[in-house]
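J.: Let me begin by handing over the structure; questions about it come next.
The values are calculated or read from the model by the stated rules, or taken from the named source; none is laboratory data. Owing to the predicted nature of the structure, the values given are computational and were not obtained by experimental measurement. Cβ atoms come from the backbone with ideal geometry, glycine included; neighbour counts cover every protein chain shown. Keep in mind that these areas ignore ligands, DNA and RNA; they rest on the heavy atoms of the full protein, side chains included. Shrake-Rupley method; radii C 1.70, N 1.55, O 1.52, S 1.80 Å.
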Amino acid sequence: MGIYFLFVLPPFLLGLYAQWKVKSSFAAMAEVPARMSGAEAARRMLDQGGLQSVGIEHVGGHLSDHYDPRAKVLRLSDEVYRGRSMAALGVACHEAGHAFQDAKNYAPLVVRNLAVPAANFGSGIGATLLFLGAIMSFAPLMWIGVILFSAVVFFQVVNLPVEFNASSRAREHLVEYGLISAQEERYVAKVLNAAALTYVAATLQSIMTLAYYLLILTGGRRSD
């Protein structure tokens with residue numbers, strides 16, 4: 001079990017730190033007032049970018065914000081939709097950044113969207129098949145599990161440039177369209193940079209988990 005923790009524990013701890021960093025950064029920047037709500041800022045960013053057809057909806061949950069490429073809709077949580085803070089503007093316009101990517105057929109986003117079904121399937125069944133294969137000492141089943149789990153790793157790797165680019169677009173357009181001043185951009189950056197750390201942690205965790213599975217399969221070290 002020691003080798004397992006060596007592979008999995010560091011990225012897991014980084015993930016916990018990233019989650020704390022996001023919550024603390026959002027809470028701090030939620031205290032910095034903005035001239036408009038997150039929904040208003042996202043609407044202006046979309047309209048000025050020629051994306052008047054993209055809708056904005058209010059949804060429940062805490063930081064449940066996302067862009068739905070099938071419905072062409074931004075879905076914003078209450079504290080982002082109604083919040084008049086730098087935190088709300090940063091999150092809302094990050095999601096608007098995904099709408100810009102979608103409109104321009106941004107290649108990493110296209111690939112990520114195509115990878116979603118395989119990643120969802122692989123995340124659930126991959127580890128299960130690997131576990132069953134190990135119990136039955138049936139290597140082919142274990143390899144199938146690893147291959148399926150590889151779809152999760154692929155998704156996470158492709159997701160990094162998608163999320164970083166959306167944040168970059170948000171920071172650029174917020175200033176370019178006059179939604180915030182150049183001096184206020186640093187407040188938005190604190191929230192978006194903290195969020196970026198969660199994507200890095202998730203990617204590292206999936207890569208290290210896959211590496212551990214491969215180590216078992218190639219006989220580098222027994223799982224026990």
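J.: Tell me which residues, restricted to region 131-149, are open to solvent by 40 Å² or more (accessible area, probe 1.4 Å) and assigned to a helix (DSSP H, G or I). So that I can check it myself, show each step before the final result.
T.: Start the filter on region 131-149 by keeping residues that are open to solvent by 40 Å² or more (accessible area, probe 1.4 Å), which leaves 131-132, 134-140, 143-144, 147-148.
Within region 131-149, F131, L132, A134, I135, A139, P140, W143, I144, I147, L148 meet the criteria.
J.: Can I ask one more? Taking Q19 and the conditions (1) open to solvent by 20 Å² or more (accessible area, probe 1.4 Å); (2) under 18 Å from L192 (Cβ atoms); (3) out of contact with any strand residue (DSSP E or B) (no Cβ under 6 Å at 6 or more places or on another chain); (4) at pLDDT 95 or above, which numbered condition does it fall short on, given that it satisfies the others?
T.: Q19 satisfies all of (1) open to solvent by 20 Å² or more (accessible area, probe 1.4 Å); (2) under 18 Å from L192 (Cβ atoms); (3) out of contact with any strand residue (DSSP E or B) (no Cβ under 6 Å at 6 or more places or on another chain); (4) at pLDDT 95 or above except (4).
J.: Now a separate question. Against the conditions (1) open to solvent by less than 30 Å² (accessible area, probe 1.4 Å); (2) touching an Asp or Glu at 6+ places or on another chain (Cβ under 6 Å), where does Y199 fall short? Just the number, please.
T.: With (1) open to solvent by less than 30 Å² (accessible area, probe 1.4 Å); (2) touching an Asp or Glu at 6+ places or on another chain (Cβ under 6 Å) applied to Y199, the lone miss is (1).
J.: Does any residue in region 132-148 that is touching a residue at least 12 places away in the same chain (Cβ under 8 Å) come within less than 7 Å, Cβ to Cβ, of a residue that is open to solvent by 70 Å² or more (accessible area, probe 1.4 Å) six or more places away or on a different chain, and which pairs are these?
T.: L141/L132; L148/F121
J.: Turning to a different aspect of this structure: Quickly run through region 22-64 and pick out the residues that are open to solvent by 60 Å² or more (accessible area, probe 1.4 Å), among the small types (G, A, S) and either touching a Gly at 6+ places or on another chain (Cβ under 8 Å) or assigned to a helix (DSSP H, G or I) (or both).
T.: None; the set is empty.
J.: Can you tell which of Y106, Y81 is aromatic (F, W, Y), in contact with a Ser or Thr (Cβ under 9 Å, 6 or more places away or on another chain) and modelled with pLDDT of 95 or more?
T.: Unique residue meeting the criteria: Y81.
J.: Could you tell me whether any residue of region 65-86 is of a type in the set (S, T, Y), out of contact with any Lys or Arg (no Cβ under 6 Å at 6 or more places or on another chain), part of a helix (DSSP H, G or I) and crowded, with 21+ Cβ neighbours inside 10 Å?
T.: For region 65-86, residues of a type in the set (S, T, Y), out of contact with any Lys or Arg (no Cβ under 6 Å at 6 or more places or on another chain), part of a helix (DSSP H, G or I) and crowded, with 21+ Cβ neighbours inside 10 Å: present.
J.: Let me ask something else about it. Do the conditions hold for S167, that is, is it closer than 22 Å to Q19 by Cβ and hydroxyl-bearing (S, T, Y)?
T.: For S167, the condition - closer than 22 Å to Q19 by Cβ and hydroxyl-bearing (S, T, Y) - is met.
J.: Quick one: what pairs do we get from region 30-45, first residue more than 20 Å from A194 (Cα to Cα), second part of a helix (DSSP H, G or I) and aromatic (F, W, Y), C-beta under 7 Å, 6+ apart or different chains?
T.: Going by the 7 Å Cβ cut-off, the qualifying pairs are S37/Y81; A39/Y81.
J.: Going by the structure shown, is N113 open to solvent by 50 Å² or more (accessible area, probe 1.4 Å) and closer than 22 Å to G15 by Cβ?
T.: Spelling it out, it is not the case that N113 is open to solvent by 50 Å² or more (accessible area, probe 1.4 Å) and closer than 22 Å to G15 by Cβ.
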